[in-house]
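Student: Handing you a structure now.
The values are calculated or read from the model by the stated rules, or taken from the named source; none is laboratory data. Everything quoted here is computed from the prediction, not taken from an experiment. Every residue, glycine among them, receives a Cβ derived from its backbone with ideal geometry; neighbour counts consider all protein chains shown. The protein model used for the area step is the full one, side chains on, heavy atoms only, and it has no ligands, DNA or RNA in it. Shrake-Rupley method; radii C 1.70, N 1.55, O 1.52, S 1.80 Å.
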2 protein chains.
Amino acid sequence: MNTPQAHLVDDDDAIRDALAWLLKSRGLPTATYASAEDFLASWTPDTCGCLLLDMRMEGMSGLDCFDALLARGAALPVIFLTGHGDVPLAVATLKRGAFDFFEKPFNDNELATRVGEAMVHDAHRRAVHASADSINLRIQSLSPRERQIMDGILAGKYNKVIADELNISMRTVEVHRANLFEKMQVKTAVELANLLKSPQA
Amino acid sequence: MNTPQAHLVDDDDAIRDALAWLLKSRGLPTATYASAEDFLASWTPDTCGCLLLDMRMEGMSGLDCFDALLARGAALPVIFLTGHGDVPLAVATLKRGAFDFFEKPFNDNELATRVGEAMVHDAHRRAVHASADSINLRIQSLSPRERQIMDGILAGKYNKVIADELNISMRTVEVHRANLFEKMQVKTAVELANLLKSPQA
DNA sequence: GTGCCGGATGTGGAAAACCACAATATCCAA
DNA sequence: TTGGATATTGTGGTTTTCCACATCCGGCAC
């Protein structure tokens with residue numbers, strides 16, 4: 001897991017340096033990139049924190065960079081910076097999942113605050129994701145038969161009913177049930193149901 | 001429950017009539033209001049569908065109307081219409097939960113499409129809400145003791161353990177358990193867990 | 001004050017879950 | 001070919017759930 005950082009992408013050296021200084025002075029770890037291409041080249045699925053993206057840049061635009069990230073399945077919160085007010089663009093970008101959209105000139109305090117919120121948001125997202133991953137991993141370790149029995153259990157059926165439906169003996173259901181409880185690291189059907197509910201789908 | 005409608009609020013008679021005609025011609029039931037005050041006066045918690053709100057109006061502004069609705073706990077999807085591009089306003093409004101934000105002149109097809117989507121969204125929201133209400137109603141019918149026993153059950157504890165923790169006999173726990181299953185309309189602990197998970201919190 | 005409700009408890013039994021020990025069969029990879 | 005994972009079944013026994021029948025107590029409303 002990479003260290004959470006504010007990833008700042010702007011092709012204007014002066015602005016980039018000023019913004020980086022602002023963020024660092026607020027205690028926000030910051031990495032800078034002179035182009036969207038540079039950022040994408042260094043990006044990995046572990047990249048986390050948040051992304052500050054200038055909309056208009058030489059080469060790849062901020063929007064193109066956002067598209068590229070979405071295509072790669074990134075979930076990094078993105079804060080856009082733009083110089084020229086464009087309501088439809090701002091609205092469309094937010095609806096596509098951008099975390100925020102700042103028009104220059106912006107208030108330094110507001111931006112720094114939002115960057116901090118974005119990083120908290122991302123930390124929370126990663127925590128939830130890690131929990132979901134752990135559960136999905138356990139589910140994938142189940143054999144097909146065990147998954148069938150689990151479905152029956154989650155439907156609140158008696159072992160006897162499950163056995164009838166699958167045309168196997170009750171004893172076999174009991175064995176699969178014990179095995180899948182072991183794999184899912186639960187002791188009761190209720191714990192299993194709780195596990196499969198909370199975080200993801 | 002009121003009939004789902006597009007509630008159109010605009011103080012410009014010509015625009016309001018034109019928009020209402022547009023929406024009705026697309027098969028979207030539409031009600032019109034000449035002011036935010038008129039709409040708020042007719043609003044009830046049952047008002048549903050979606051709200052089309054002109055930002056700049058005589059008297060109460062669209063934003064004020066939005067605030068008033070939020071204060072009343074309304075969950076109606078709101079689509080804002082504005083004549084003067086203002087990125088910070090659009091961004092702030094969307095972040096506060098507006099469904100969409102259109103800048104004039106807008107494309108009729110896009111607007112009508114979004115109105116349709118907003119109404120679908122609201123119908124879905126109401127369906128989920130109704131289900132959650134039904135469950136909350138059942139929970140509220142439980143006695144305090146029954147709720148305690150339910151907590152224990154949802155934690156996957158044996159009746160024996162619950163009894164020890166509450167310093168009562170196992171038999172009493174069994175009785176409460178049966179009673180609360182009756183009230184919650186479930187037959188097994190797993191069904192109870194499933195019920196309390198899906199929709200709300 | 002009588003009745004209803006919530007709460008608590010007991011006996012006793014049927015049904016289901018839970019578990020240890022034991023065995024067989026298939027498929028697939030080392 | 002041997003071993004591991006998956007799937008299947010049985011015996012026998014303990015624990016827990018689930019339920020019918022019955023009793024007792026305190027608060028509260030009519």
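Student: Can you tell me the accessible area per residue over segment B:141-195, all protein chains present, probe 1.4 angstrom, in square angstrom?
Tutor: The answer is 55 Å² per residue.
Student: Turning to a different aspect of this structure: Comparing the chain by itself with all protein chains present, which residues of segment B:111-156 are at least 30 Å² less accessible (probe 1.4 Å)?
Tutor: B:Leu154, B:Gly156
Student: Decide, for segment A:3-117, between rounded, prolate and oblate: order the square roots of the alpha carbon gyration tensor eigenvalues as a ≥ b ≥ c, take rounded if a/c falls under 1.5, and otherwise choose prolate if a/b is larger than b/c, else oblate.
Tutor: Judged from the Cα gyration tensor, segment A:3-117 comes out rounded (a/c under 1.5).
Student: Copy-to-copy spacing for A:Met170, label 7 Å out on the Cα-to-C-beta vector, in nm, shortest first?
Tutor: Nearest to farthest, the other copies are at 2.1 nm.
Student: Going by amide H atoms built from the backbone, whose H comes under 5 Å of the H on A:Thr30, apart from near neighbours?
Tutor: A:Ala6
Student: Here's something else I'd like to know. Explain nothing, just compute: Karplus ³J(HN,Hα) = 6.51 cos²θ - 1.76 cosθ + 1.60, θ = phi - 60°, for every residue of segment B:102-108 in order, whole Hz, x for Gly and Pro.
Tutor: Values, residue by residue: 10, 9, 6, x, 10, 7, 4 Hz.
Student: Once the label point is set 7 Å along the Cα-to-beta-carbon vector, what list of distances in nm do you get between A:Ala31 and its counterparts in the other copies?
Tutor: 5.4
Student: Distance between Cα centroids, segment A:5-31 to segment A:146-201: provide it in whole Å.
Tutor: Computed from Cα coordinates, the inter-centre distance equals 52 Å.
Student: To the nearest 500 deg cm²/dmol, what mean residue ellipticity at 222 nm is calculated for the protein assembly as shown from DSSP H runs of n ≥ 4 alone, each contributing -39,500 (n - 2.57), summed and divided by the residues?
Tutor: Dividing the helical sum by the residues of the protein assembly as shown leaves -17500 deg cm²/dmol.
Student: Using each residue's phi in segment A:142-158, evaluate 6.51 cos²θ - 1.76 cosθ + 1.60 at θ = phi - 60° and report the 3J(HN,Hα) Karplus result to the nearest Hz, with x for Gly and Pro.
Tutor: Values per residue, Gly and Pro as x: 7, 6, x, 4, 4, 5, 4, 5, 4, 4, x, 4, 5, 8, x, 7, 6 Hz.
Student: Another question about this same structure. Would you mind checking which residues have amide H under 5 Å from A:Phe101's amide H? H placed 1.01 Å from N; only 5 or more apart, or other chain.
Tutor: Amide H to amide H, under 5 Å and 5 or more residues apart or across chains, A:Phe101 pairs with A:Phe80.
Student: Right, next: I'd like the accessible area for B:Ser169: 1.4 Å probe, protein heavy atoms, all chains in place, Å² to the nearest 10.
Tutor: Roll a 1.4 Å probe over it and B:Ser169 shows about 60 Å².
Student: Which of the residues in segment B:86-100 lose at least 10 Å² of accessible area when you go from the chain alone to all protein chains together (probe 1.4 Å)?
Tutor: Buried-area filter returns B:Val87, B:Pro88, B:Ala90, B:Val91, B:Leu94, B:Lys95, B:Asp100.
Student: Report in % the part of the accessible area of chain A that belongs to carbon and sulfur, leaving out ligands and nucleic acids; probe 1.4 Å.
Tutor: Carbon and sulfur atoms account for 53 percent of the accessible area of chain A.
Student: With a 1.4 Å probe, how much accessible area is buried between chains A and B, both sides summed, in Å² to the nearest hundred?
Tutor: For A against B, buried area totals roughly 1800 Å².
Student: Something else about it: Which residue, chosen from A:Trp43, B:Phe66, B:Val186, occupies the Cα position most advanced towards the positive end of the dipole of the protein assembly as shown, where the dipole is computed from +1 (Lys, Arg) and -1 (Asp, Glu) charges on Cβ about the Cα centre?
Tutor: Sorting the options by dipole projection puts first B:Val186.
Student: Take the alpha carbon gyration tensor of the protein assembly as shown, find the square roots of its eigenvalues, order them as a ≥ b ≥ c, and report rounded if a/c is under 1.5; if not, report prolate when a/b exceeds b/c, else oblate.
Tutor: oblate
Student: Compute the acute angle (0 to 90°) between the alpha-carbon long axis of helix B:170-184 and the principal axis of greatest extent of the alpha-carbon atoms of chain B; round to the nearest 10°.
Tutor: The helix B:170-184 is inclined about 30 degrees to chain B.
Student: So, in nm, how far is label B:Asp151 from label A:Arg145 when the simple model puts each one 7 Å beyond its Cα toward the Cβ?
Tutor: Between B:Asp151 and A:Arg145, the label points sit 4.2 nm apart.
Student: Relative to the longest principal axis of the C-alpha atoms of chain B, give the angle of the C-alpha long axis of helix B:13-25, reported between 0 and 90° and rounded to the nearest 10°.
Tutor: Roughly 60 degrees between the two axes.
Student: Dipole of chain A, Cα-centred, from +1 at each Lys and Arg C-beta and -1 at each Asp and Glu C-beta, to the nearest 20 debye?
Tutor: The dipole of chain A has a size of about 1400 debye.
Student: Under 5 Å between amide H atoms, partner at least 5 residues away or on a different chain: which partners does A:Arg56 have, H built in plane at 1.01 Å?
Tutor: A:Gly62, A:Gly83
Student: If a/c stays under 1.5 just call it rounded; otherwise compare a/b with b/c (prolate if a/b is bigger, oblate if not). Do that for chain A, with a ≥ b ≥ c from the square roots of the Cα gyration tensor eigenvalues.
Tutor: It is prolate, given that a/c is not under 1.5 and a/b is the larger ratio.
Student: Sticking with this one: Please state the charge dipole magnitude for segment A:114-164, taken about the Cα centre, from unit charges on C-beta atoms (+1 on K and R, -1 on D and E), reported in debye and rounded to the nearest 20.
Tutor: Dipole of segment A:114-164, to the nearest 20 debye: 60 debye.
Student: Hey, another quick one. Determine how large the accessible area of B:Asp12 is when every protein chain is in place; take a 1.4 Å probe and give Å² rounded to the nearest 10.
Tutor: Counting only protein heavy atoms, the figure is 60 Å².
Student: Further, regarding this structure: If the label for B:Asp151 sits 7 angstrom from Cα along the Cα-to-Cβ line, what are its distances to the same label in every other copy, in nm to one decimal, shortest first?
Tutor: Label-point separations across copies, in nm and ascending: 3.6.
Student: Mind checking the per residue accessible area of segment B:78-137 for me, 1.4 Å probe, whole number of Å²?
Tutor: Per-residue accessible area for segment B:78-137 comes out at 47 Å².
Student: Over chain B, with a Gaussian network built from C-alpha contacts below 10 Å, which listed residue (B:Glu117, B:Glu191, B:Glu165) shows the highest mean-square fluctuation?
Tutor: B:Glu165
Student: Which lysines, on any chain, are close to B:Lys95 with Cα under 18 Å apart, when same-chain ones fewer than 8 places away are left out?
Tutor: Within the straight-line limit of under 18 Å, B:Lys95 reaches these lysines: A:Lys95.
Student: Could you give me the ³J(HN,Hα) list for segment B:31-44, computed from phi with Karplus coefficients 6.51, -1.76, 1.60 and θ = phi - 60°, whole Hz, x at Gly and Pro?
Tutor: 10, 10, 9, 8, 7, 4, 4, 4, 5, 4, 5, 8, 5, 9
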